[in-house]
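See structure below.
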Amino acid sequence: MIEITLEVNGETRRLSVESRRLLADVLRQEFNLSGVHIGCAHGACGCCTVHLDGKPRLSCLTFAAQCDGKSVRTVESVGGVGADHPLQKAFRSEHGLQCGYCTPGFIMTLIPFVEEMTAERRMPDEEEIREAMSGNICRCTGYQGIVEAVRKVIGENLEEGAQA
Amino acid sequence: MTQQMDRPKHIGARIQRFEDTRLLAGTARYIDDIRLPNMLHLRFVRAQMAHAKVLEIDTEALEDIGFPTQVFTGADIGDLSIKAHQDYPEMQYSEQPLLARERVRFVGEAVAAVLADDAYQAEDAAEMVFVDYEPLQVVTTMDQARDPEVPGLFDGWRTNIFVERQMKGGDIAQAKAEAAHVIKRTYTTQRQAGVPMEGRGVAAEYDPASRMLTVWSSTQIPHLVRTYIAEELGLPESRLRVVAPDVGGGFGVKGQVFPEEVLVPWLAMKTGRPVKWVEDRREHLTSSIHARDHSHTLEAYVSEDGRLLGLKADISVDVGAYSTFPFTAAGDPGMAAKVMPGPYDFQHYEATFRALATNKCPIGTYRGVGRPSAVFAQERLMDDIANELGLDPIEFRLKNVVRDFPYTNALGFTYDPGSYAETLEKMRDLLAEDRAAAEASSNDPDKRIGVGLACFVEQTAHGTPDFTRRRVPIETGYIAARVEMTPDGQALVDIGLQNHGQGHETVMAQVAADALGIDPKDVHVRHGDTLTTPYSVGTWGSRGGALGGGAVHVAAGRIADKLKAIAGHLLQSDPQKIVLQNGIAHPEGQPDRHVAVAKLARTALRNVDQLPAGMEPGLEAQYSLDGPNDGTYSNAVHAAVVEIDTKTGKMQLKRFVVVEDCGTILNPLIVDGQVRGGVVQGIGSAMLEHFIYDEDGQPLTVTFADYLMPLATEIPEIELHHIETPTPLTPLGAKGLGEGGAIGPAAAIANAVADALGIEVTKTPLNANALWHLARQAEKNRAE
């Protein structure tokens with residue numbers, strides 16, 4: 001067993017984990033964060049994506065023991081129980097989800113992309129948006145609603161910035 | 001059938017989905033989120049050989065493992081099994097034991113169940129169980145399965161053919177005699193599957209105090225799972241509850257009753273503790289179900305002037321090792337034989353179809369069921385005929401599609417009104433520029449553009465007679481809805497569907513809201529739990545909107561009638577003239593003389609002294625809606641535009657267009673999502689997805705690095721156009737929609753490849769390797 005300290009969605013906890021425990025399992029079981037979904041457990045589908053020190057990371061390919069002292073964000077921290085983050089709202093309006101299983105992974109993958117584009121003050125082209133989500137598999141939507149959600153939220157951000 | 005909607009307000013509106021909030025927030029509850037006190041975790045030991053005798057299961061190593069474990073094998077479970085018998089006299093039966101007894105028949109079959117207090121420990125323990133096998137002769141090809149010299153997979157079998165039957169109508173000999181052209185081809189579609197992002201999982205808990213067994217399963221068919229468990233385990237069904245929590249995709253895969261769904265509750269009762277099993281991705285890819293794997297030989301009889309006179313079909317499907325419940329081993333080949341006449345007008349048809357047993361994962365249902373393969377064969381054939389006769393493929397189809405409705409086809413199935421010619425004509429307009437570009441590229445040495453289309457009908461929401469005819473254990477196809485109002489004027493809809501992405505929680509609210517004159521936000525739709533929902537067959541066969549929506553409409557309409565009677569009484573007005581809308585009831589044309597729907601609900605449920613004399617208190621209604629005898633036929637035309645590098649075969653899918661007709665559109669946001677999602681799965685079928693077994697029956701595609709599904713970068717925007725031909729056969733005029741998107745892409749893309757390269761394409765997948773070979777072949781043909 002290994003002693004680690006994790007800061008997860010603002011809560012810091014010290015815990016003792018087996019060296020082989022996946023970060024995904026620790027988040028799900030120890031922190032009750034059921035929004036972390038395991039789709040393949042071999043790093044191919046992106047369902048389990050969380051932020052580790054602000055960067056998207058596959059929690060099924062990460063041992064909890066590797067994360068000592070790090071900060072973790074999961075989908076639960078993004079827009080609360082009302083899913084009020086602008087990207088979540090855009091997923092809703094553009095029908096960017098159906099069964100919802102892959103959705104937290106897409107949200108966590110795409111938030112940094114949306115922030116980056118907003119910071120660069122530019123609208124990415126279709127190819128760039130699709131490239132940004134090419135590590136995530138969605139089996140329901142055919143991706144189009146997700147692409148449109150990303151475009152919509154970046155558009156809103158750019159417009160807001162232009163007005164400010 | 002019944003009266004259709006007047007004054008729809010919410011039906012047809014592009015309303016955002018209510019279920020999205022919990023799915024986006026991460027607060028949805030999927031099967032692996034079920035955690036029960038004192039729960040045991042189950043891990044299977046699965047067969048590593050495709051066909052073998054089980055000589056010994058050695059669990060000795062578990063004695064020193066350092067934590068408590070329990071192991072169960074085939075010897076412990078008696079004759080419990082999945083029995084999926086179709087009542088055909090010539091059918092050879094298979095039974096899939098819940099845990100293998102004496103013999104394994106495919107890699108991945110469950111051999112032993114290992115239980116421990118923790119999922120990691122269960123996995124450790126399962127790895128320490130040693131199984132000694134004696135290999136048996138393996139059957140991996142359709143030819144081997146048909147070889148009478150090869151021993152049967154089951155004791156007493158003659159050959160490895162589950163069933164071989166015929167379907168016919170008209171006089172095929174006459175069609176052949178009259179034909180000026182006879183065109184014969186063989187087309188094959190590969191083994192693939194639905195592969196939802198969430199795999200399967202089951203949890204179960206038995207409460208001795210109430211004698212209630214509760215089973216949670218990631219299933220599309222909770223009531224059917226309940227009945228199967230009750231019958232197989234000999235339990236009273238009234239004390240069994242099956243809950244499908246949030247389900248992370250199904251696509252038909254989770255529309256079977258799996259051995260694990262019976263075994264897990266059995267283990268919970270046996271051990272006296274809750275038990276949970278959640279499969280990993282390898283298990284899902286090898287041990288759930290596969291789909292397709294068809295070979296069709298078609299012979300078309302065509303007149304001098306390009307009219308189809310008749311069609312003869314020989315259909316084989318490699319259905320793997322066991323018949324699956326409730327659609328059986330005969331399901332896929334039978335469906336392909338049944339739907340092969342498609343949208344075309346000819347009256348002579350004969351099909352032979354057979355289900356072949358091999359040492360592979362069993363075949364089950366996947367979006368389209370038989371139709372993607374049938375449409376691939378049929379629509380490739382239409383292009384090959386047009387080519388041979390020197391006809392334009394669209395004009396050839398327009399000459400042959402059904403135009404007068406209702407139309408009864410060669411097998412006696414009656415098609416309700418559709419838009420077969422209109423969708424083709426619309427597509428012809430949409431493709432004009434692409435077809436010109438394809439023509440212009442036909443001599444380009446480097447890059448060729450090709451345009452291909454697929455025109456099809458889809459029998460959806462079929463009713464009980466369709467299942468009776470096939471003598472299939474599903475037996476029926478109705479959907480029931482119970483609608484109830486609460487004293488505050490809100491509504492509860494309990495529906496026998498299971499929502500795993502289709503948007504039922506929104507669409508059913510729209511339908512109920514229109515009937516009751518309230519806001520869809522004030523309708524709470526519940527589903528997936530046998531404790532709260534009326535008995536139904538679940539979600540499959542494109543019946544959610546057509547039958548589920550229809551059932552809600554009729555049940556809510558009965559409550560509306562009662563609300564109107566109460567309003568008439570309170571307003572001293574004729575109940576027949578009361579209108580319910582915007583939360584109020586008023587006489588038609590007199591919105592100022594109104595009473596709130598909430599007040600009517602409170603009157604019916606609480607202030608019952610104010611009800612009309614003799615009226616029964618309460619506001620609840622239930623309606624079960626069976627499908628039309630022959631179903632209702634949706635139709636669509638799909639088209640693909642591709643660009644192919646003539647040297648390497650590298651292909652770019654430049655454009656994909658759909659013109660579809662699913663009758664009344666209940667929510668355009670959801671309809672578009674269903675079609676687009678289906679199309680992208682169909683693109684995966686056409687170009688990527690392939691389960692491969694070697695000659696020993698070892699699966700070679702056991703991870704997402706081997707089994708490739710479409711990524712966002714590989715597909716274009718899917719362009720949609722709608723034509724609405726409401727059906728008179730369902731209450732809302734809606735036809736089935738969920739599966740259609742997946743049916744056309746393989747045919748459309750293959751036709752586009754054939755058009756681009758000027759060669760015939762006879763099989764899928766059209767992956768990079770296949771395209772390279774096709775490009776080579778095309779070059780060789782040109783050189784000759």
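The values are calculated or read from the model by the stated rules, or taken from the named source; none is laboratory data. Remember, predicted model here, so these are calculated numbers, not experimental data. For neighbour counting, all protein chains shown are included, and Cβ atoms are generated from backbone atoms with ideal geometry for every residue, glycine included.
Given the condition farther than 30 Å from B:Pro465 by Cβ, of a type in the set (Val, Ile, Thr) and in contact with a Phe, Trp or Tyr (Cβ under 8 Å, 6 or more places away or on another chain), answer yes or no: does some residue in the stretch B:405-412 qualify?
Checked against the condition, which is being farther than 30 Å from B:Pro465 by Cβ, of a type in the set (Val, Ile, Thr) and in contact with a Phe, Trp or Tyr (Cβ under 8 Å, 6 or more places away or on another chain), the stretch B:405-412 yields no hits at all.
Could you say whether any residue in the stretch B:457-478 is outside the structural domain of B:Ala546 (by TED's automatic domain parsing), over 24 Å from B:Gly331 (Cβ atoms) and either outside any helix (DSSP H, G or I) or out of contact with any Leu (no Cβ under 9 Å at 6 or more places or on another chain) (or both)?
no
If only one of B:Ala336, B:Ala300 is surrounded by 24 or more Cβ atoms within 10 Å (Cβ to Cβ) and within 30 Å of B:Val537 (Cα to Cα), which one is it?
One residue alone meets the criteria, B:Ala336.
Taking the stretch B:25-58 as the region of interest, how many residues are in contact with a Pro (Cβ under 7 Å, 6 or more places away or on another chain) and without any contact (Cβ under 8 Å) to a residue 60 or more places away in the chain?
1
Could you please let me know if A:Arg122 is more than 10 Å from chain B (Cβ to nearest Cβ), outside any loop (DSSP other than H, G, I, E, B), at pLDDT 95 or above and more than 14 Å from the chain's Cα centre (by Cα)?
For A:Arg122, the condition - more than 10 Å from chain B (Cβ to nearest Cβ), outside any loop (DSSP other than H, G, I, E, B), at pLDDT 95 or above and more than 14 Å from the chain's Cα centre (by Cα) - is not met.
Name the residue that is nearest to the other protein chains (Cβ to nearest Cβ), counting only residues in the stretch B:222-258 that are among the acidic types (Asp, Glu) and surrounded by 18 or more Cβ atoms within 10 Å (Cβ to Cβ). If you could, list the steps in order and put the result at the bottom.
Looking only at the stretch B:222-258, we keep the residues that are among the acidic types (Asp, Glu), and these are B:231-232, B:237, B:246.
Next cut, surrounded by 18 or more Cβ atoms within 10 Å (Cβ to Cβ) only: B:232, B:246.
Details: B:Glu232: 28, B:Asp246: 7 Å.
Top of the filtered list is B:Asp246.
For the stretch B:656-665, enumerate the residues that are assigned to a loop (DSSP other than H, G, I, E, B) and more than 20 Å from the chain's Cα centre (by Cα).
Within the stretch B:656-665, B:Thr664 is the sole residue that qualifies.
Show the residue pairs that are 6+ apart or on different chains and have beta-carbon atoms under 7 Å apart, the first residue being within the stretch B:362-383 and without any contact (Cβ under 8 Å) to a residue 12 or more places away in the chain, the second being assigned to a helix (DSSP H, G or I).
Between residues of the stretch B:362-383 that are without any contact (Cβ under 8 Å) to a residue 12 or more places away in the chain and residues that are assigned to a helix (DSSP H, G or I), there is no close pair.
Please enumerate the residues belonging to the stretch B:202-251 that are part of a helix (DSSP H, G or I) and in contact (Cβ under 8 Å) with a residue 24 or more places away in the chain.
Matches in the stretch B:202-251: B:Pro222, B:His223, B:Leu224, B:Val225, B:Arg226, B:Tyr228, B:Ile229, B:Glu232, B:Leu233, B:Arg239.
How many residues, within the stretch B:705-714, are modelled with pLDDT of 95 or more, farther than 16 Å from A:Phe106 by Cβ and within 9 Å of chain A (Cβ to nearest Cβ)? Lay out the reasoning, then the answer.
Pass one, the stretch B:705-714, residues modelled with pLDDT of 95 or more: B:705-713.
After this cut, where a residue has to be farther than 16 Å from A:Phe106 by Cβ as well, the list is B:705-708.
If we keep only those that are within 9 Å of chain A (Cβ to nearest Cβ) as well, we get B:705.
Result for the stretch B:705-714: 1.
Only one of B:Glu616, B:Glu620 is surrounded by fewer than 19 Cβ atoms within 10 Å (Cβ to Cβ), outside the structural domain of B:Gly733 (by TED's automatic domain parsing), of a type outside the set (Gly, Ala, Ser) and more than 38 Å from the chain's Cα centre (by Cα). Can you tell me which?
B:Glu616
Taking the stretch A:13-59, which residues are away from every other protein chain (no Cβ under 12 Å) and part of a helix (DSSP H, G or I)?
Across the stretch A:13-59, the qualifying residue is only A:Leu23.
Sort through A:Ala83, A:Ala90 and tell me the only one that's touching a residue at least 60 places away in the same chain (Cβ under 8 Å), within 27 Å of B:Gly678 (Cα to Cα) and not hydroxyl-bearing (Ser, Thr, Tyr). So that I can check it myself, show each step before the final result.
Details: A:Ala83 fails: touching a residue at least 60 places away in the same chain (Cβ under 8 Å).
After ruling out the rest, the residue left standing is A:Ala90.
From the list A:Arg130, A:Arg139, pick out the single residue that is basic (Lys, Arg), surrounded by 14 or more Cβ atoms within 10 Å (Cβ to Cβ) and in a helix (DSSP H, G or I). Steps first, please.
Numbers: A:Arg139 fails: in a helix (DSSP H, G or I).
Unique residue meeting the criteria: A:Arg130.
Residue check: is B:Ala756 crowded, with 17+ Cβ neighbours inside 10 Å and either assigned by TED's automatic domain parsing to the domain that holds B:Ser441 or hydroxyl-bearing (Ser, Thr, Tyr) (or both)? Talk me through it step by step, then tell me what you get.
Details: crowded, with 17+ Cβ neighbours inside 10 Å: yes; either assigned by TED's automatic domain parsing to the domain that holds B:Ser441 or hydroxyl-bearing (Ser, Thr, Tyr) (or both): yes.
Criteria met by B:Ala756.
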